[in-house]
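The values are calculated or read from the model by the stated rules, or taken from the named source; none is laboratory data. The model shown is predicted, which means the values in this text are computed figures rather than measured ones. Neighbour counts are summed over all protein chains in view; Cβ atoms, including those assigned to glycine, are modelled from backbone coordinates with ideal geometry. Remember, those area values only see protein heavy atoms, side chains included, never the ligands or the DNA or RNA. Shrake-Rupley method; radii C 1.70, N 1.55, O 1.52, S 1.80 Å.
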Amino acid sequence: MGKVVSKKRLGRGVVWMEVEAGLVAGRAKPGQFVIVRVDEKGERVPLTVYRQNTEKGTVELVFQEVGKTTLKLSRLNVGDEILDLVGPLGKPFQEKLYGSVVVVGGGVGAAEAYPVAQALKKAGNHVTAILGARSADLLILEEEFRNLVDEVYIATDDGSRGRKGTVVDVLKDLIAQRVEINMVYAVGPAIMMKAVSEATKPYGVKTLVSLNPIMLDGTGMCGSCRVSVGGETKLTCVDGPEFDGHQVDFEQLMARQRMYLEAEKKALQRFLEESA
Ligand SMILES: Cc1cc2nc3c(=O)[nH]c(=O)nc-3n(C[C@H](O)[C@H](O)[C@H](O)COP(=O)(O)OP(=O)(O)OC[C@H]3O[C@@H](n4cnc5c(N)ncnc54)[C@H](O)[C@@H]3O)c2cc1C
Ligand code: FES
């Protein structure tokens, strides 16, 4: 059980929540995640530990309302209980001195990229962040990144904030300007991580991506999070979530993400009707 300690909306459809999680707080490393089950009938959803407070025994989650479970979670109020929150899970990000690094966060991926950017900064890297969203009202954590890293670039699809275009356009601009880049870390929609990896591959820039396949148990038992990396099958929950972007079979990842789309749509519809 984990009580919701505080909650606020960061952008349209994006919620920040601080939750009591005594067994996780202080133990989660950058890149690690928890699996949350809102109630007894609820499915399990993986969410990255955005920040944590050891003294208070809390973790902060930032999530997008995409379907039934994340919507249910966002409807909890301060004082309500989450049934279970298991973690930290996944391999931690290895903080290392690369030199000059670019951290790319697409949409809610900004929250997932934040702890990694923090670790890269701590390791002494020059950190550039590229944050993107479809429009300004979906953009999150700009201020937090400006306070953390050396440079921040913003892109929105409709040009309502920052450069008109995608995070990948900004990255390509930096590469064209021959800005020194020793490593790129990208997290966001699979299609974005694919485009980032394609942009860096011709230049041989090491590119790490944090994958988001469907997960169930998060412990390597169910196989639902399997991905193909360099021709080998890997389990994202135990071997990842971070992999070499140049080796990932993104087409397979996206096809597997679409597998339950119809069932998920129906579940959301039912939930909205029942809770109206
Ligand atoms: C390691 C990891 C860390 C993540 N961290 C965050 C985070 O910090 N913030 C955030 O907003 N999202 C994060 N996600 C994605 C998040 O888990 C999904 O958005 C969530 O599970 C959707 O559940 P739902 O029931 O609301 O939507 P559904 O209606 O079930 O699904 C809507 C869409 O979400 C995706 N999805 C559904 N179930 C899962 C699942 N179990 N795992 C992954 N994707 C799924 C599918 O693409 C699906 O089409 C993370 C995913 C992974 C794998
Ligand atoms: S989520 Fe079940 S094996 Fe990874």
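The table that follows gives values for the structure above.
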read-out: Complete set of residues in region 139-150 that are surrounded by fewer than 15 Cβ atoms within 10 Å (Cβ to Cβ) and among the acidic types (Asp, Glu); value: Glu143, Asp150
read-out: Lone unmet requirement of (1) under 24 Å from Val187 (Cβ atoms); (2) open to solvent by less than 50 Å² (accessible area, probe 1.4 Å); (3) within 13 Å of ligand 1 (Cβ to nearest atom) for Met259; value: (2)
read-out: Which listed residue, of Asn147, Asn212, is under 20 Å from the mean Cα position of the chain (by Cα) and within 16 Å of ligand 2 (Cβ to nearest atom); value: Asn212
read-out: Criterion (out of contact with any Asp or Glu (no Cβ under 7 Å at 6 or more places or on another chain) and within 16 Å of ligand 2 (Cβ to nearest atom)) met by exactly one of Gly218, Gly231; value: Gly218
read-out: Hits in region 213-234 - residues which are closer than 15 Å to Gln32 by Cβ and aliphatic (A, V, I, L, M); value: Met215
read-out: Cβ pairs under 7 Å, 6+ apart, first in region 103-121 and open to solvent by 10 Å² or more (accessible area, probe 1.4 Å), second charged (D, E, K, R); value: Tyr114/Glu144
read-out: Matching residues in region 30-56 - criterion: being within 11 Å of the chain's Cα centre (by Cα) and near ligand 1 (Cβ under 6 Å from one of its atoms); value: Phe33, Pro46, Leu47, Thr48
read-out: Number of positions in region 122-138 that are closer than 19 Å to Leu171 by Cβ and open to solvent by 20 Å² or more (accessible area, probe 1.4 Å); value: 2
read-out: Any chance Val14 is closer than 21 Å to Gly106 by Cα and either in contact with a strand residue (DSSP E or B) (Cβ under 6 Å, 6 or more places away or on another chain) or not charged (D, E, K, R) (or both); value: yes
read-out: Qualifying residue in region 196-206 (condition: modelled with pLDDT of 95 or more, within 11 Å of ligand 1 (Cβ to nearest atom) and either outside any helix (DSSP H, G or I) or buried (at least 17 other Cβ atoms within 10 Å of the Cβ) (or both)); value: no
read-out: Close pairs (6 angstrom Cβ cut-off, 6 or more residues apart or separate chains): farther than 22 Å from Ile181 by Cα in region 204-218, more than 7 Å from ligand 1 (Cβ to nearest atom) and of a type in the set (S, T, N, Q) anywhere; value: Ile214/Ser224; Leu216/Ser224
read-out: Looking only at region 7-48, and only at residues there that are among the acidic types (Asp, Glu) and modelled with pLDDT of 95 or more, the one that is surrounded by the most Cβ atoms within 10 Å (Cβ to Cβ); value: Glu18
read-out: Answer residue from region 78-95, given it is at pLDDT below 95 and farther than 29 Å from Arg12 by Cα and is least open to solvent (accessible area, probe 1.4 Å) among those; value: Glu95
read-out: Within region 27-137, strands (runs of 3 or more DSSP E) holding 3 or more residues that are away from ligand 2 (no atom under 16 Å from the Cβ); value: 51-53, 58-64, 100-106, 126-133
read-out: Index of the failed condition, Ala186 passing every other in (1) under 18 Å from the mean Cα position of the chain (by Cα); (2) part of a strand (DSSP E or B); (3) more than 16 Å from ligand 1 (Cβ to nearest atom); value: (3)
read-out: Scope region 211-248; condition away from ligand 1 (no atom under 13 Å from the Cβ), open to solvent by 60 Å² or more (accessible area, probe 1.4 Å) and aliphatic (A, V, I, L, M); matching residues; value: Met221
read-out: Of all residues making up region 51-73, the number that are open to solvent by 10 Å² or more (accessible area, probe 1.4 Å) and under 23 Å from Leu139 (Cβ atoms); value: 9
read-out: Criterion: within 21 Å of Val62 (Cα to Cα) and either of a type in the set (A, V, I, L, M) or out of contact with any Ser or Thr (no Cβ under 8 Å at 6 or more places or on another chain) (or both) - qualifying residue of Met183, Met193; value: Met193
